[in-house]
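Down below is the structure, laid out as structure tokens.
Readers should treat all values here as calculations from the given coordinates under stated rules, not as data from a laboratory. Being a predicted model, the structure only gives us computed values, none of them experimental. Note: ideal-geometry Cβ built from the backbone for every residue, glycine included; neighbour counts use all protein chains shown.
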């Protein structure tokens with residue numbers, strides 16, 4: 001492959017991992033197994049039938065979990081610790097096809113992790129916004145669109161590398177613009193979850209003792225006033 005194709009696939013693997021890691025592994029493994037792309041030795045493991053089978057199983061689970069309002073956001077939050085590191089590793093592995101130095105491979109690892117984090121954040125924030133809608137149709141539409149985007153994006157990164165790279169730059173600029181809004185949604189969600197686990201009407205454990213003390217003070221004042229009247 002040309003260097004620009006390898007660079008494009010490196011970024012594409014990281015970007016796709018942040019959206020749907022298991023779909024990305026399936027696509028890369030299948031393309032590597034059929035010889036459509038050259039996978040560096042470190043990523044040849046993706047063509048292993050056991051790896052492809054495990055990725056297919058997890059993709060099937062995510063296919064259904066990703067379409068249930070609320071469950072999809074919980075799934076995304078858990079996969080924060082899976083998609084981003086995996087995207088970084090895939091990017092570093094693809095970059096080794098350029099036969100670059102270890103320093104450049106480390107740079108690819110960092111860039112890949114950042115790209116995966118950006119796409120994962122965009123997906124997670126978008127899903128939280130969608131979940132404010134009571135109907136499930138938007139969740140199904142978003143999930144299917146994401147799966148199509150992963151497959152189409154990896155295909156474009158191989159067939160039209162320059163188009164994909166330009167599109168990725170525009171995507172990252174859009175995420176940077178949306179980041180403050182996404183962060184606001186995440187904060188409100190975490191605040192709501194905190195209230196849910198604590199209880200909507202929960203109070204500080206010290207509050208009952210303080211209330212009892214206030215009642216005792218008022219009672220003593222009332223008794224003193226009654227005695228003075230007598």
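For this structure, a couple of remarks:
- Exposure proxy shown here: for 37, 130, 144, the number of other Cβ atoms within 10 Å sets the order, fewest to most, as 144, 130, 37.
- C-alpha center-to-center spacing [the stretch 138-159, the stretch 1-78] in angstrom: 12
- Cα shape, the stretch 28-112, gyration tensor, a/c 1.5 rule: oblate
- Cα gyration tensor, the stretch 3-198 - rounded (a/c under 1.5), prolate or oblate: prolate
- Given their separation in residues at 0.36 nm each and the Cα-Cα distance between them, residue 178 and residue 145 gain 9.9 nm when the chain is fully extended.
- Listing 64, 164 from fewest to most neighbouring C-beta atoms within 10 Å gives 64, 164.
- Footprinting exposure proxy ranking of 181, 127, fewest other C-beta atoms within 10 angstrom first, gives 181, 127.
- Distance between modelled label sites at residue 105 and residue 138, nm, 7 Å Cα→Cβ extension: 4.5
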